[in-house]
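Enquirer: Can you keep this structure in mind? I'll have questions shortly.
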Amino acid sequence: MNMPVFSGGMLMVKYVMTLLFLLLPAYVHAAPIASDCDFNNSGKVDFADFIAFSQGYGTTQTQFDLNGDGAVNFRDFVIFAQFYGQTITTPPPTTDAPIGIQVGMQAPDFTLRTLTGESFNLYEQRGKPVFLNFWGTWCPPCVAEMPAIQKLQDTMADSIQIVGIGVRDTRIQELRFITRYGYTWTFVLDSTGEARNAYEVTSYPTSLFLDAKGVIVRVLRSGRNYETFLEAARQAINN
């Protein structure tokens with residue numbers, strides 16, 4: 001059997017593939033996952049993967065034999081159709097490190113609200129390094145180091161997630177403060193003490209740098225300058 005030929009672009013291909021999948025479920029004898037059809041590792045099953053599959057159609061290439069019957073045929077094509085257009089979700093990196101607050105340990109999880117009301121969960125940030133900064137508007141050393149943190153935000157926002165954890169402040173107090181000075185990183189409010197208790201924070205400011213797996217690589221206490229923050233951020237990124 002010859003490989004079906006489509007015209008009219010990607011939408012027509014997707015339409016025909018979906019139709020085939022709905023009409024011919026009996027041909028599907030295996031249960032591969034979407035990443036099995038992402039032949040070029042682009043993060044999405046798209047037209048480039050369809051072209052690659054077309055070139056392997058009628059052969060015995062294992063890469064395209066989705067149902068494992070020893071040949072790349074129409075049954076594999078129907079399997080491919082069900083995943084066409086899907087984005088591959090990469091699971092966040094994990095670690096076997098024990099949970100704790102020392103360097104080398106996995107940072108404790110917490111869920112707090114941002115100043116605009118959204119939920120913020122630490123573990124959901126896995127995959128990107130995080131800079132946690134415990135602070136308060138009532139804390140002069142905290143306030144003094146914030147221009148340095150803003151400079152880090154301006155230069156490295158794509159590489160590290162900065163999170164200010166407000167302690168013993170109200171939402172209105174912090175909103176007024178960050179609006180007045182134009183600070184733009186993420187701010188959450190620890191109104192119940194959940195985070196500061198989990199991290200046993202007793203002095204302010206306290207900063208922790210986590211790598212992409214959530215492992216603590218650096219702990220800083222008292223006010224710091226931009227160079228120190230930059231060094232710690234690079235350590236978290238490269239860990």
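The values are calculated or read from the model by the stated rules, or taken from the named source; none is laboratory data. Small disclaimer: the values here were computed from a predicted structure and weren't measured. Here Cβ is always computed from backbone atoms with ideal geometry, including for glycine, and neighbour counts include all displayed protein chains.
Enquirer: Does region 52-77 hold any residues that are closer than 15 Å to Cys37 by Cα, among the hydrophobic types (A, V, I, L, M, F, W, C) and assigned to a loop (DSSP other than H, G, I, E, B), and which are they?
Expert: Of everything in region 52-77, those that are closer than 15 Å to Cys37 by Cα, among the hydrophobic types (A, V, I, L, M, F, W, C) and assigned to a loop (DSSP other than H, G, I, E, B) turn out to be Leu66, Val72.
Enquirer: Let me ask something else. Need pairs with beta-carbon distance below 6 Å; first residue surrounded by 12 or more Cβ atoms within 10 Å (Cβ to Cβ) and within region 41-52, second polar (S, T, N, Q); sequence gap 6+ or separate chains.
Expert: Final answer for the pair search is Lys44/Thr87; Val45/Gln86; Ala48/Asn40.
Let's see how each residue does on (1) at pLDDT below 85; (2) of a type in the set (A, V, I, L, M):
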residue: Lys44; (1), (2): yes, no
residue: Ile88; (1), (2): yes, yes
residue: Val103; (1), (2): no, yes
residue: Ala107; (1), (2): no, yes
residue: Thr114; (1), (2): no, no
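Enquirer: Same structure, new question: Look at Thr184 and say whether it is closer than 23 Å to Arg234 by Cβ, loosely packed, with under 15 Cβ neighbours inside 10 Å and without any contact (Cβ under 8 Å) to a residue 40 or more places away in the chain.
Expert: yes
A quick yes/no check of all residues on (1) crowded, with 18+ Cβ neighbours inside 10 Å; (2) free of Cβ contacts under 8 Å to residues at least 24 places away in the same chain:
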| residue | (1), (2) |
| --- | --- |
| Arg196 | yes, no |
| Pro205 | yes, no |
| Tyr226 | no, no |
| Arg234 | no, yes |
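Enquirer: Continuing with the same structure: Any idea which of Gly166, Gly104, Gly127 is in the same structural domain as Phe229 (by TED's automatic domain parsing) and surrounded by fewer than 19 Cβ atoms within 10 Å (Cβ to Cβ)?
Expert: Of the residues listed, the single one that is in the same structural domain as Phe229 (by TED's automatic domain parsing) and surrounded by fewer than 19 Cβ atoms within 10 Å (Cβ to Cβ) is Gly127.
Enquirer: Among the residues of region 188-226, count how many are assigned to a helix (DSSP H, G or I) and not aromatic (Phe, Trp, Tyr).
Expert: The total comes to 5.
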